[in-house]
Amino acid sequence: MTPPDLFDTHAHLHFPEFTGDFAAVLERARAAGVRRILTIGTDVPTSRAAAEMAGREPDVWAAVGIHPHHAAEADDVVLAEIERLAGSAKVVAIGEMGLDYFRNLAPRDAQERVFRSQLGLARRTRKPVLVHCRDAHEDTLRLIGETDVREAGGIMHCFSGDVGIARRCLDLGLLVSLAGPVTYPKPGALPDVARYVPGDRLVVETDCPFLPPQPHRGKRNEPAYLAITAARVAELRGEPLADLAARMSENARALLRL
Ligand SMILES: [Zn+2]
Ligand SMILES: [Zn+2]
């Protein structure tokens, strides 16, 4: 059986969790049908590592940005370095960026300042935004709306809201990305969201090494497990996996202009 055509739209492949068995991780990803992977920076060193990895690996593209957890350290020098890295080959998006009021590792005003600055950078460079949002939907959607990212679009990564939030993300020009939590026994509103989002606005991701889907919970996540999440989303939508996977990959390629 040929595997589905999958695109992992949010991975942290350049994190140290993968240094020991990187070749095997990529091999398993390809065997599971994951043909393309977007690896995402969260601060300057990891953004640099993501851009370098994309330069070496034919199936990997990169995004550069400052995660809200690192917002407090992100002064003008840091943001200028992200802007410089954004010009590297195969850097196709800005992020991850956003607001995280769940862990609150940086003060909220710093999170907001750094998010705004990166929304502006994405707009200037005409690159899509990759948005992280945890327990902060009102402020996140307000800031995205103020900048207006519809020209280059973006992704609400690891979507954790309900159908109403999904509708507002779509209205703001974002795609909705589902991750491992849609496979959990208590998935909240995610099954409804999986059915609600139009097929041309939906993508999937692992967010590896974090958030493994149900059978691998408690362990390291990796791109090969995207097949489990995609199969669950196809089942919820009552669509053949091959068709949905191909369509979601096409959505990602169109957004990232690959
Ligand atoms: Zn995130
Ligand atoms: Zn992430």
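The values are calculated or read from the model by the stated rules, or taken from the named source; none is laboratory data. It should be emphasised that the depicted structure is a prediction, and the values quoted were computed from it without experimental measurement. Because the Cβ atoms are built from the backbone with ideal geometry, glycine has one as well, and the counts that use them run over all protein chains shown. The accessibility values were calculated without ligands, DNA or RNA, using every heavy atom of the protein model including side chains. Shrake-Rupley method; radii C 1.70, N 1.55, O 1.52, S 1.80 Å.
Key figures
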item: Residue count for region 120-133, restricted to those that are under 21 Å from D171 (Cβ atoms), of a type in the set (D, E, K, R) and surrounded by fewer than 21 Cβ atoms within 10 Å (Cβ to Cβ); result: 2
item: Some residue of region 178-195 being open to solvent by less than 50 Å² (accessible area, probe 1.4 Å), closer than 26 Å to G41 by Cα, in a loop (DSSP other than H, G, I, E, B) and within 16 Å of ligand 1 (Cβ to nearest atom); result: yes
item: Selection from region 99-119 of residues that are over 20 Å from the mean Cα position of the chain (by Cα) and open to solvent by less than 50 Å² (accessible area, probe 1.4 Å); result: A106, A110
item: Residue count for region 12-30, restricted to those that are of a type in the set (D, E, K, R) and either within 16 Å of ligand 1 (Cβ to nearest atom) or not in a helix (DSSP H, G or I) (or both); result: 2
item: Qualifying residues in region 84-111 (those that are under 20 Å from I155 (Cβ atoms) and part of a helix (DSSP H, G or I)) - the one nearest to ligand 2 (Cβ to nearest atom); result: Q111
item: Some residue of region 61-74 being over 22 Å from S177 (Cα atoms), touching a Lys or Arg at 6+ places or on another chain (Cβ under 9 Å) and either open to solvent by less than 30 Å² (accessible area, probe 1.4 Å) or within 16 Å of ligand 1 (Cβ to nearest atom) (or both); result: yes
item: Candidates V193, V203, filtered to the one that is more than 20 Å from R28 (Cβ to Cβ), touching a Ser or Thr at 6+ places or on another chain (Cβ under 6 Å) and aliphatic (A, V, I, L, M); result: V203
